[in-house]
Amino acid sequence: MSGTRAKIGFGEALNDLGGFAPTKREKPAPEPLAAAAAGFTRREPSPAPEPADPPKAQRRRRTGRNAQINIKARPETLEQFYAAADAMGLGVGEAFEVAVKLLQKKIADS
């Protein structure tokens, strides 16, 4: 290695830099103002909306029933079934048993 630098082609143009002056740094704007000026929007979570319908009451009881039935019905029919079960003071499983007994009685009578 030699003690001299390689020439890159600027010659003597870099020896006189007297016409250059450092620019004065501006104080940065506070973050929210700078973000708004740059077009960013805030993404803070909004409060959760209130539910339109109150939550339904749970209908769980310990009755020894452990088999499950999954059926599709119209919403009106489900509301009628739940209203009938509530009016009788029965759980859903007990109301289903009553409905089955009534259906068996209807079949036997016909």
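The criterion of being over 30 Å from LEU90 (Cα atoms), at pLDDT 80 or above and basic (Lys, Arg) does not hold for LYS72. Looking across region 86-100, the residues that are surrounded by 10 or more Cβ atoms within 10 Å (Cβ to Cβ) and not aliphatic (A, V, I, L, M) come down to ASP86, GLY91, GLY93, GLU94, PHE96, GLU97. Among the residues of region 12-66, what is the count of those that are farther than 30 Å from ALA95 by Cβ, among the small types (Gly, Ala, Ser) and loosely packed, with under 10 Cβ neighbours inside 10 Å? Total meeting the criteria: 9.
Restricting attention to region 67-85, the residues that are part of a loop (DSSP other than H, G, I, E, B) and surrounded by 10 or more Cβ atoms within 10 Å (Cβ to Cβ) add up to 1. Which of the residues spanning region 1-59 are of a type in the set (A, V, I, L, M) and either within 30 Å of ALA83 (Cβ to Cβ) or assigned to a helix (DSSP H, G or I) (or both)? Result: LEU33, ALA34, ALA35, ALA36, ALA37, ALA48, ALA52, ALA57.
The values are calculated or read from the model by the stated rules, or taken from the named source; none is laboratory data. Note that the structure is a prediction, hence the values are computed from the model and not measured. Cβ coordinates were reconstructed from backbone atoms using ideal geometry, including for glycine residues, and neighbour counts include every protein chain displayed.
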